[in-house]
Amino acid sequence: MTHCLAYAAHEARAELAPLSIERRALRDDDVAIEIAYCGVCHTDVHYAHNDWNSTVFPCVPGHEIVGHVTAVGPAVSRYKVGDRVAVGCMVDSCQHCAACESHEEPHCEHGITATYNGRDRATGEVTQGGYAQHIVVREAFVLRVPEALDLRFAGPLLCAGITVWTPLSEHNIGQGHRVAVVGLGGLGHMAVKLAVALGAEVTVITTSPGKADDARALGAHHVLLSTDAQAMKAAANRFDFILDTIPRKHNVNPYLMLLGRHGKLVLVGALEPLEPIHGALLALNNRSISGSLIGGLEQTQELLDFCAEHKVLPMCELIAMQDINTAFERLERNDVKYRFVIDMATLRD
């Protein structure tokens, strides 16, 4: 085992503070990684605050991890010391169920091991995340970061990026598709960038007129104000695909009315009950609604490679580890464009 410095939530809603934690000794198929940068996800805030009543304290958040390999186990064949690598929201799964064999590890029939607040499959110990100097992860769950990606800003691709990439990829979005993105936060801004890079005609749907310039700066072709009843009526049946990134309970019926024949709406933000959905809006135009989590390892590597080729990166604000509590407060006020990333070199200070 090795010791490293981390930042942890010691109890619900307490400020994160330094903590010395242990990382396991290398197993045969393990990769040790010095963490260079770690993205800050709203899920980190939820776990630190125990909003879902499932947090085991102390809790070291962080599942948007990028860094360099410092050591490998004897059975590791894909990585060597010095390689640029990444770790996302999961660090293990059963690897033998139908979902895992189909490269859909997030849907593992036996449950994934989350990067933090999960349970190690071998020992049962609670996993600790990326707000730390280093981490040890099974080789199969380590991803390669292409040289063309700026390591400082690659972290959020492992959560916000893959969350929106998966439905865009699975629905074969590309040239000729009319796509709408509902909401322009951490998820929404990545959805706009990726859909544009795929060749779609992209509209941002927002309640805020002030976001119109931001949406166009990100590459959106059009902006639709959902508070403008006439504009919403004029947009009826316009879109082939809608990606709904709103992170809370809301009414999806107005968005369903914007879908054309065989149109699809995919929820990637709200992980809670929605307001009632009118069945007739699904029957008309043969519309459908579905949800999507993150993506599997194969899809995540595909995303990293695509972003390197097309020069797609999230917009990030780089912060010091010591500023994490202020960042959490700002996240709760939606005061960030569009993701925070921690420079882990500051942890040594």
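The values are calculated or read from the model by the stated rules, or taken from the named source; none is laboratory data. Since the model is a prediction, treat every value here as computed from it, not as a measurement. Note that we place each Cβ from the backbone using ideal geometry, even for glycine, and neighbour counts take in every protein chain shown. Remember, those area values only see protein heavy atoms, side chains included, never the ligands or the DNA or RNA. Shrake-Rupley method; radii C 1.70, N 1.55, O 1.52, S 1.80 Å.
Extension gain, Leu5 to Glu272, is 92.7 nm, computed as 0.36 nm per intervening residue step minus the present C-alpha separation. Partners of Lys211 within straight-line reach, counting aspartates and glutamates whose Cα lies under 16 Å from its Cα and excluding those fewer than 8 residues away in the same chain: Asp228, Asp335. Computed about its Cα centre, the charge dipole of region 181-337 is approximately 560 debye, with only Lys, Arg, Asp and Glu carrying charge at their Cβ. The long axis of helix 186-197 is offset from the longest Cα principal axis of the chain by roughly 70 degrees. Out of the total accessible area of the chain (probe 1.4 Å, heavy atoms of protein only), what percent is carbon and sulfur? Heavy-atom surface of the chain belonging to carbon and sulfur, 1.4 Å probe: 50 percent. Summed over the residues of region 49-180 and divided among them, the accessible surface reaches 39 Å² per residue at a probe radius of 1.4 Å. Could you check what % of the DSSP bridge pairs in the chain are antiparallel, to the nearest 5? So the antiparallel bridges in the chain amount to around 55 percent. Full extension of the chain segment joining Ala140 with Ala25 gains 39.7 nm, where the gain is 0.36 nm per residue of separation less the Cα-Cα distance.
Around the Cα centre of the chain, unit charges on the Cβ atoms of Lys, Arg, Asp and Glu (plus for the first two, minus for the last two) sum to a dipole of about 860 debye. Averaged over residues, the count of other Cβ atoms within 10 Å places the peptides 164-171, 212-219 in the sequence 164-171, 212-219, highest first.
Can you tell me the FRET efficiency between Ser208 and Gln322 if r is taken as the Cβ-Cβ distance and R0 is 22 Å, rounded to the nearest 0.05?
The formula returns an efficiency of 0.10 here.
By the helix-only formula, in which each DSSP H run with n ≥ 4 contributes -39500 (n - 2.57) and the sum is divided by residues, the chain has a 222 nm mean residue ellipticity of -6000 deg cm²/dmol. Inter-label distance, Ala75 to Leu151: 2.8 nm, where each label sits 7 Å from its Cα along the C-beta direction.
Full extension of the segment from Arg248 to Asn53, taken as 0.36 nm per residue of separation minus the current Cα-Cα distance, would add 68.4 nm.
Per residue, the average separation of C-alpha pairs within less than 8 Å and at least 6 apart gives region 44-178 a relative contact order of 26 percent.
Relative contact order for the chain: what percent, with Cα pairs under 8 Å and sequence separation of 6 or more?
For the chain, the relative contact order is 17 percent.
Positive end of the dipole of region 277-349 (Cβ unit charges, origin at the Cα centre): among Ala320, Ala283, Phe340, the Cα lying farthest that way belongs to Ala283.
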